Protein chains: 2
Amino acid sequence: MIALAIHGGAGAMPRRKMTPAAAARYKAALAHALEAGYEVLRRGNSLDAVCAAVVALEDSPLFNAGRGACYNTDEKHELDASVMDGATLRAGAVAAVSRIRNPVLAARAVMEKSRHVLLAGRGAERFARAHGLELVPDSYFATQSRLAALRKKLVGHHGTVGAVARDANGNLAAATSTGGYTGKLPGRVGDSPIIGAGNYADNACAVSGTGLGEAFIRGVLAYDVAARMRYLGEPLAKAARAAMRKLAGLQGDGGLIAVDHRGNIVMPFNSEGMYRAAIDRKGRRTIAIY
Amino acid sequence: MIALAIHGGAGAMPRRKMTPAAAARYKAALAHALEAGYEVLRRGNSLDAVCAAVVALEDSPLFNAGRGACYNTDEKHELDASVMDGATLRAGAVAAVSRIRNPVLAARAVMEKSRHVLLAGRGAERFARAHGLELVPDSYFATQSRLAALRKKLVGHHGTVGAVARDANGNLAAATSTGGYTGKLPGRVGDSPIIGAGNYADNACAVSGTGLGEAFIRGVLAYDVAARMRYLGEPLAKAARAAMRKLAGLQGDGGLIAVDHRGNIVMPFNSEGMYRAAIDRKGRRTIAIY
């Protein structure tokens, strides 16, 4: 029994601005990433699957991660990503990197090829280059719509991408990647590379968050779902609802996707929409925005 | 009823190498930081007190934070720090900064003067300068003994400083600051600036960790103490012991200091020593290394 969920961020375009054509493009991109992850999950493990799904989302200019990332106040891109392997509690992350095409793969390299969990900035880029990851020029990440958003001072659009999976061996994994949000300060690191905040996996649950990263950090929200399940004995859905209440209490908006050891999936959010898709343990597909 | 605990890191010099004169120097420096924090705590709040104590520890060349920080493989210093206010769950942090004299004050500025929680690298330094914090040249952080440690490939010495306090209003706070460890990769960020990993405070408990940062991150250890108290109803000492077992299970060594809402203090560690000091709720002073 396998299960996979992905998200393309809780910062979905407002419903009143979403045209049918735009909705179709977003759903097609979600479907592509979902199938990319599921294809890996069918043959392999949850860690490979969440990375494959997140790479597909990073490569799409529609989502705020990798290509298509938001701009900071310097009109630059700084990207954050992390991955966690539920079976071993190994984790890797990169923060505030500007030249790595697929930050989630750099995060995985940190996990597998260093003694560290988190590398930031230029040091992370040197590490990525040394381990054969593809570096790209600034122009790779550029999109006119994101630059226009910055120049119109549309501060606060935050998107993130992520994936959680349970594989046939019962192992869980989570991966999360983001460009932060439009108009963030240079050097700002959100919750996506912070284990326990925007990303967490053990073999009881795997969580990827999206939304106001500062609130996810202060509430240690991804780990809080796991802690409530473990210590209070709550089922996934109840623990996730509690985390959403805590997020709201911290004046945060956003959402999360999570999977438990039985392959149950939840995808709650308190924002207007959240790009999301899943294939549940019975093979049923969901793709939705609002 | 007020209480304050501080630590100067779990990477204490091995007992067999510690001379009486060196032990006296460490204890004097701990006493100085303890009194600096306590003086503030008597008149003011826990947040000011933990910052005052950590500034004193950062300013001492004996501890691996601020002046006296470890060198990375580039023979540079990169510093991490964070602060959290238990009453409001506000938090601030800086990571991989090289020029800020007192990283804990920069962390506090991020908390109080930005919309962000964590700023890294040059962006954090720009923010610090813009907010009037003192920047210093590389040479300020330099110590011959730490450089010799790097050149002798004494990888793995990790120290950290931190403070936790309960003030007369029942508000808790935690602050943590570090130079990481000798021979870390450039850009490596440890647990000290990660809310939930090496530093956490709500008004039920405040925690500052020290030790193998990667294990603290993977175990979300500082928040785990709080989660066990809240969800399992465990007293502080029991929750802290469980966190230490989890640390050991992750092949991590180190320790933590913590205070609860009643002013109870615990300072467990599984390393050979941990520089530590406290003034408990009855006014009793402790200063110890092993």
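What the table below lists for this structure:
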quantity: Check on residue A:175, part of a helix (DSSP H, G or I) and either touching a residue at least 40 places away in the same chain (Cβ under 8 Å) or within 18 Å of residue A:271 (Cα to Cα) (or both); calculated: no
quantity: Residue tally, condition open to solvent by less than 10 Å² (accessible area, probe 1.4 Å) and part of a loop (DSSP other than H, G, I, E, B), over region A:18-71; calculated: 7
quantity: Any hit, region B:224-231, residues being more than 16 Å from residue B:80 (Cβ to Cβ), at the interface with chain A (Cβ under 9 Å from one of its Cβ atoms) and surrounded by fewer than 24 Cβ atoms within 10 Å (Cβ to Cβ); calculated: yes
quantity: Lone unmet requirement of (1) within 14 Å of another protein chain (Cβ to nearest Cβ); (2) closer than 15 Å to residue A:201 by Cβ for residue A:48; calculated: (1)
quantity: Residue in region A:22-38 that is farthest from residue A:203 (Cα to Cα), counting only those that are hydrophobic (A, V, I, L, M, F, W, C) and touching a helix residue (DSSP H, G or I) at 6+ places or on another chain (Cβ under 9 Å); calculated: A:29
quantity: Residue within region B:205-223 that is of a type in the set (Val, Ile, Thr) and within 11 Å of another protein chain (Cβ to nearest Cβ) present; calculated: yes
quantity: Selection from region B:72-105 of residues that are on the phi > 0 side of the Ramachandran plot and surrounded by 24 or more Cβ atoms within 10 Å (Cβ to Cβ); calculated: B:96
quantity: Test: residue in region B:165-177 that is open to solvent by 50 Å² or more (accessible area, probe 1.4 Å) and charged (D, E, K, R); calculated: no
quantity: Residues satisfying the stated conditions in region A:237-255, i.e. more than 13 Å from chain B (Cβ to nearest Cβ) and surrounded by fewer than 24 Cβ atoms within 10 Å (Cβ to Cβ); calculated: A:237, A:241, A:244, A:245, A:248, A:253
quantity: Enumeration of residues in region B:69-88 that are over 14 Å from the mean Cα position of the chain (by Cα), under 27 Å from residue A:119 (Cβ atoms) and not β-branched (Val, Ile, Thr); calculated: B:70, B:71, B:72, B:74, B:75, B:76, B:77, B:78
quantity: Verdict on residue B:149 being hydrophobic (A, V, I, L, M, F, W, C), out of contact with any strand residue (DSSP E or B) (no Cβ under 8 Å at 6 or more places or on another chain) and open to solvent by less than 30 Å² (accessible area, probe 1.4 Å); calculated: yes
quantity: Residue in region B:186-201 that is farther than 17 Å from residue B:51 by Cα, at pLDDT 95 or above, outside any strand (DSSP E or B) and open to solvent by 10 Å² or more (accessible area, probe 1.4 Å) present; calculated: yes
quantity: Leading residue by the ranking (nearest to residue A:280 (Cα to Cα)) among those in region A:39-49 that are touching a residue at least 60 places away in the same chain (Cβ under 8 Å) and in contact with a helix residue (DSSP H, G or I) (Cβ under 7 Å, 6 or more places away or on another chain); calculated: A:41
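The values are calculated or read from the model by the stated rules, or taken from the named source; none is laboratory data. Note that this is a predicted model, so its numbers are computed, not measured. Because the Cβ atoms are built from the backbone with ideal geometry, glycine has one as well, and the counts that use them run over all protein chains shown. With ligands, DNA and RNA removed, areas are computed over all heavy atoms of the protein, side chains included. Shrake-Rupley method; radii C 1.70, N 1.55, O 1.52, S 1.80 Å.
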